[in-house]
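Undergrad: This is the structure, below, for whatever I ask next.
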Amino acid sequence: YTILSKVHSDRNVYPSAGVLFVHVLEREYFKGEFPPYPKPGEISNDPITFNTNLMGYPDRPGWLRYIQRTPYSDGVLYGSPTVENVGKPTIIEITAYNRRTFETARHNLIINIMSAEDFPLPYQAEFFIRNMNVEEMLASEVLGDFLGAVKNVWQPERLNAINITSALDRGGRVPLPINDMKEGVYVMVGADVPFSSCLREVENPQNQLRCSQEMEPVITCDKKFRTQFHIDWCKISLVDNTKQVSTFQEVIRGEGILPDGGEYKPPSDTLKSRDYYSDFLITLAVPSAIALVLFLILAYIMCCRREGVEKRNMQTPDIQLVHHSAIQKSTKELRDMSKNREIAWPLSTLPVFHPVTGEIVPALHTDSYDNTSMPLMQTQQNLPHQTQIPQQQSAGQY
């Protein structure tokens with residue numbers, strides 16, 4: 001296959017800092033860049049995937065996320081721009097891959113982040129919706145319905161969606177593929193008026209107790225969301241930025257804080273040559289010389305200072321040497337005698353009583369009989385005084 005790459009013209013978008021930014025990568029927009037099916041008349045439905053990254057970097061900015069469930073669905077870029085990026089154009093490279101023909105199409109998305117006049121909104125509430133996935137919540141009509149329900153409950157003059165986060169990005173587990181279960185999504189909204197009494201109900205001690213017992217709290221305005229959105233009121237978060245006191249304290253220099261050393265001056269590029277001869281002597285030559293001297297001393301003690309057997313015998317008393325020699329001679333004589341002695345037959349192999357008369361049978365041989373060539377077990381034919389059993393005759397002989 002020949003892999004081709006085509007470049008679209010750049011597209012500029014102008015999101016506001018602190019407000020949710022959503023950009024949909026439509027598959028239909030890139031289909032025209034890829035050749036149609038070989039057979040005319042067939043509808044082109046090639047699997048297309050997208051890769052997004054910041055220009056010059058392998059990944060996207062920290063505030064920008066991307067999701068695409070299948071190669072046959074659109075991709076979505078979403079996130080909440082930060083104030084630090086205001087006035088700095090962020091160029092996102094978008095590459096579309098055709099999984100059938102292995103072709104690519106590329107264009108750049110230039111994000112120009114604008115500053116919001118009333119940013120940040122002082123009152124922020126984060127809801128956890130259990131029956132939604134992040135790509136479903138990013139749809140404009142679904143997000144509009146949710147903001148409309150929040151506006152009816154909160155009644156603010158200005159309401160914005162600040163951020164949307166999947167529950168999987170918060171440490172949630174992937175749901176089982178049964179009963180059309182959803183992963184859940186966190187939606188943060190901000191307003192310019194204090195929280196309504198309905199939202200404050202989650203802070204009641206009774207509802208806090210029910211949440212600790214894994215029971216649903218009693219919220220009066222839950223019915224306004226229940227028709228389309230299942231809110232987990234135990235996971236709602238209310239943040240009032242007007243009551244937050246700055247914790248910044250002036251740093252007082254003292255123990256543990258290093259003084260200012262001035263501007264860092266790196267070493268020069270030209271490095272001087274260094275003599276490593278002294279390092280070699282210290283690390284290798286000196287320990288080797290010491291080890292050699294110790295080895296020679298040990299060899300002299302072990303090999304040249306041995307007393308020997310003669311000196312040991314000279315220091316041993318004569319009577320002890322005589323006793324030792326006598327014991328050795330006696331032991332040798334006993335071993336020679338044991339090799340030449342005759343071995344008598346064991347009594348367990350000889351008959352004791354006559355099988356008929358019951359008399360004691362004498363020994364088969366005297367003590368001086370040479371039995372070295374006699375077998376260990378004798379047959380019944382060789383035994384004396386053995387009773388002969390009459391042979392059975394044939395029927396014709398009497």
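Undergrad: Starting from 0.36 nm per residue, how many nanometres of slack lie between Glu157 and Glu310 once their C-alpha separation is accounted for?
TA: 43.4 nm
Undergrad: What share of the DSSP beta bridges in segment 11-113 is antiparallel, in percent to the nearest 5?
TA: Of the beta bridges lying entirely in segment 11-113, close to 90 percent run antiparallel.
Undergrad: Could you tell me the accessible area of Ser140 in Å² (1.4 Å probe, neighbours in place), rounded to the nearest ten?
TA: 90 Å²
Undergrad: Ignoring ligands, DNA and RNA, how do Glu93, Glu333, Glu103 rank by accessible area with a 1.4 Å probe, largest first?
TA: So the residues, ranked largest to smallest area, are Glu333, Glu93, Glu103.
Undergrad: Over segment 11-113, what percent of the accessible surface lies on carbon and sulfur atoms, probe 1.4 Å?
TA: Within segment 11-113, the accessible surface is 53 percent carbon and sulfur.
Undergrad: If r is the Cβ-Cβ distance from Arg226 to Val13 and R0 is 41 Å, what FRET efficiency results, to the nearest 0.05?
TA: That pair, Arg226 with Val13, gives E of 0.70.
Undergrad: If you don't mind, there's one more thing I want to ask. Out of every Cα pair in segment 123-240, what percent are spaced more than 21 Å from each other?
TA: Every Cα pair in segment 123-240 considered, those over 21 Å come to 37 percent.
Undergrad: To continue, here is another question. How long is the gain from Tyr277 to Cys303 if the chain were fully straight, where each residue apart is worth 0.36 nm and the alpha carbon distance is subtracted?
TA: Contour length minus Cα-Cα distance gives 5.7 nm.
Undergrad: Ok, one more. Name the residues whose placed amide hydrogens come within less than 5 Å of the amide hydrogen of Ile91, ignoring near sequence neighbours (fewer than 5 apart) on the same chain.
TA: Amide H to amide H, under 5 Å and 5 or more residues apart or across chains, Ile91 pairs with Met55, Ile111.
Undergrad: Using a Förster distance of 25 Å, how high is the FRET efficiency between Asn53 and Met181, based on the Cβ-Cβ distance and rounded to 0.05?
TA: 0.20
Undergrad: Mind ranking Ile290, Ile110 by accessible surface for me, highest first, 1.4 Å probe?
TA: Accessible-area ranking of Ile290, Ile110, largest first: Ile290, Ile110.
Undergrad: Taking R0 as 56 Å, what's the FRET efficiency between Leu296 and Glu84 from their Cβ-Cβ distance, rounded to 0.05?
TA: So, using R0 = 56 Å, E works out to roughly 0.15.
Undergrad: Here is the link list: Lys31/Lys88; Lys223/Lys243; Lys311/Lys332; Lys151/Lys224; Lys151/Lys182. Which ones come out longer than 22 Å on Cα distance?
TA: Too far apart for the 22 Å limit: Lys31/Lys88; Lys223/Lys243; Lys311/Lys332; Lys151/Lys182.
Undergrad: Per residue, how many Å² of accessible area does segment 123-240 show with a 1.4 Å probe?
TA: For segment 123-240, the solvent-accessible area averages 52 Å² per residue.
Undergrad: Restricting to DSSP loop positions (anything but H, G, I, E, B) with no more than 16 other Cβ atoms inside 10 Å of their own Cβ, which trypsin sites (Lys or Arg not before Pro) remain in segment 100-146?
TA: Those satisfying the criteria are Arg100, Arg130.
Undergrad: Between Thr331 and Asp169, what length comes free when the chain is fully extended (0.36 nm per residue of separation minus the Cα-Cα distance, one decimal in nm)?
TA: Residue separation times 0.36 nm, minus the Cα-Cα distance, leaves 49.3 nm.
Undergrad: Take each of the peptides 198-210, 152-164, 170-182, average the number of other beta-carbon atoms within 10 Å over its residues, and list them starting from the highest.
TA: Packing order, densest peptide first, comes out as 152-164, 198-210, 170-182.
Undergrad: Roughly to the nearest percent, how much of the accessible area of segment 123-240 is carbon and sulfur, given a 1.4 Å probe?
TA: 49 percent
Undergrad: Right, next: Hey, what's segment 11-113 come to in accessible area per residue, 1.4 Å probe, Å²?
TA: 50 Å²
Undergrad: Given a 1.4 Å probe and the protein chains all in place, what does the accessible area of Met188 round to, in Å² to the nearest 10?
TA: Probe radius 1.4 Å; accessible area of Met188 about 50 Å².
The values are calculated or read from the model by the stated rules, or taken from the named source; none is laboratory data. Please read these numbers as outputs of a predicted model, since none were measured by experiment. FYI the Cβ positions are ideal-geometry reconstructions off the backbone, even for glycines, and counts take in every protein chain you see. Surface accessibility is based on the protein's heavy atoms, side chains included, excluding ligands, DNA and RNA. Shrake-Rupley method; radii C 1.70, N 1.55, O 1.52, S 1.80 Å.
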